[in-house]
C-alpha cells in the first residue's frame with residue numbers, strides 16, 4: 001500500500017514537472033528564424049535598390065538633358081534624409097502603440113528596437129531591427145515617387161522640406177492605420193468597416209503618393225513651354241533599364257511584405273512577376289492597336305503599372321487573377337496618362353498620378369474582387385458573390401486615403417509657398433536644374 005502511494009506521488013510529481021515544462025515551452029520567448037531573417041535582409045536591399053538606381057534611372061531618362069542630375073539627386077538625397085527621419089521618429093509614429101490614429105513615442109530614437117546585451121528584440125520570427133529597416137525602405141521611396149510630378153521646376157529645398165513634412169504627417173499616419181493596427185487595419189478592433197486588405201502598400205504607398213503628386217502638379221503649374229516645346233524623354237535607355245531594376249526590386253517590396261520565407265512570400269513573388277509581365281504586354285499592345293507602333297516607353301510604363309496594381313493584392317490573390325490585374329493596370333493606366341491628363345490639362349511631368357495613383361486605386365478595388373482564402377485572408381467577390389462588403393471596405397479605405405493625402409498635401413504646399421517658395425525662377429528653369437540648383441552637368445559634351 002505504501003509503495004502504491006509512493007508511485008502515486010511520483011506520477012503526480014512527474015505530471016506536474018512535464019506540465020510545467022510544456023507550459024514553459026508555450027510561454028517561451030519568440031526566437032529568430034534565420035531563414036526568414038535572411039530573406040528579409042535581402043528584401044531590404046531589393047527595396048532600397050528600387051529608389052537608387054531603379055527609380056532614379058527610370059525618372060532621369062524621362063526628363064530633358066538639363067535636368068537629369070536634379071532628378072537623381074532628389075532620389076539619392078531622400079535615401080539619406082528619410083532614413084535618418086525614420087530612425088529618429090518615423091518608425092515610432094507608424095508602429096508605436098495601438099492607438100487607432102497615430103503611433104506613440106515608445107520607440108523614439110529606436111528605443112526598444114535595438115539590441116541590448118547581445119539580445120535582439122523580436123517581431124514574429126525576425127529581429128525588430130530587421131522589420132524596422134524593411135519598413136524604412138518604404139518610407140524612402142514613397143515621397144520619391146511624388147518627385148516625378150514636379151520634375152524640372154520645383155526647388156530642391158522645397159522638395160526636401162515637403163518630403164520631410166509629408167512623410168511625418170501623411171505617410172506615418174497612413175502606415176499606422178493600415179499596418180500598425182490602426183483604423184484601416186483589417187480585423188482591428190477600431191477599424192472602419194473591418195478595415196481593408198493591403199498586402200504591400202496600395203493605399204499606404206501608391207494611392208497616397210499618386211494623389212499627392214496630382215495636387216503638387218496642379219499647385220506648381222505647368223513647365224515653361226509645356227504643350228508647345230519639345231519635352232520628349234532624353235534617354236529611354238535609362239528608363240528601360242530603370243524599369244527592369246524596379247521590376248526586380250519589387251520582389252522584395254511585395255514578397256518581403258510576407259515577413260517570412262514561406263508560401264506567402266512565394267505566392268507574392270509569382271503574382272508580382274505575372275502582373276508586371278501582363279502590364280508590360282497590355283500597355284504595348286494598346287499602343288500597337290492605336291498608334292501601330294508599340295514603344296519601349298509603353299512597355300516599361302506598363303510593367304510598372306502592373307507592379308503598382310498588384311501591390312495591395314500580392315499576398316491575397318492567386319497567380320492567374322494576377323495576370324488579369326496586371327493587364328487591367330496596363331490598359332487603365334495607359335488611358336489615364338494619354339487621355340485623362342490632356343483632358344484636365346495638368347502637367348504631371350513623369351505620370352506619377354497616372355501610374356501610381358490610378359494603378360494603386362485600381363489594385364485596391366480589384367483586391368476585393370480577386371482575394372482568395374486559399375492564399376490567405378478571405379474570398380473576394382469573384383469567389384463569393386456575397387463579398388460585396390469587402391469591395392466596399394476597399395473603396396472606403398481608398399477614399400479615406402485620397403481625401404487625407406490630398407487635403408494635407410494642399411495645406412503643406414500653401415504653407416511652403418508662403419514661406420520658402422516652391423518653384424524655381426524662370427531663368428533657372430530655362431537654364432536647367434542641374435546647373436541652377438546643383439552647379440553640375442550630367443552631360444558636358
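Taken together, the values in this text are just the output of simple stated rules run on the coordinates, not laboratory data. None of these values were measured; they are calculated from a predicted model. Glycine also receives a Cβ, built like all others from the backbone with ideal geometry; neighbour counts cover every protein chain displayed.
What translational diffusion coefficient, to the nearest whole µm²/s, does the chain have by Stokes-Einstein, given a Kirkwood radius computed over alpha-carbon pairs, a temperature of 25 °C and 0.890 mPa s viscosity?
After rounding, the answer is 108 µm²/s.
Convex hull over the alpha-carbon atoms of segment 343-424: what's its volume per residue in Å³?
Convex hull volume per residue, Cα atoms: 136 Å³.
In Å and on Cα atoms, what radius of gyration and Dmax does segment 149-284 show?
18.4, 55
Once label points are set 7 Å from the Cα along Cα→Cβ at both residue 232 and residue 108, what is their separation, rounded to one decimal in nm?
The modelled label-to-label distance comes out at 5.5 nm.
State log₁₀ I(q)/I(0) for segment 64-166 at q = 0.11, 0.20, 0.23 Å⁻¹ as given by the Debye formula over alpha-carbon point scatterers of equal weight, solvent excluded.
With one equal scatterer per Cα and no solvent, log10 I(q)/I(0) is -0.42, -0.98, -1.17.
Students often check this: by mean Cβ neighbours within 10 Å, which of 336-346, 153-163, 87-97, 273-283 ranks highest, and how do the rest follow?
273-283, 87-97, 153-163, 336-346
What Rg and what Dmax come out for segment 258-316 when only alpha-carbon atoms are used, in angstroms?
Just the Cα atoms of segment 258-316 yield Rg and Dmax of 13.6, 45 Å.
Quote the convex hull volume per residue of segment 27-118, based on C-alpha atoms, as a whole number of Å³.
Here the figure is 153 Å³ per residue.
Would you calculate a helix-derived [θ] at 222 nm for the chain, using -39,500 (n - 2.57) for each DSSP H run of n ≥ 4 and dividing by the full residue count, to the nearest 500?
Result for the chain: -19000 deg cm²/dmol, rounded to the nearest 500.
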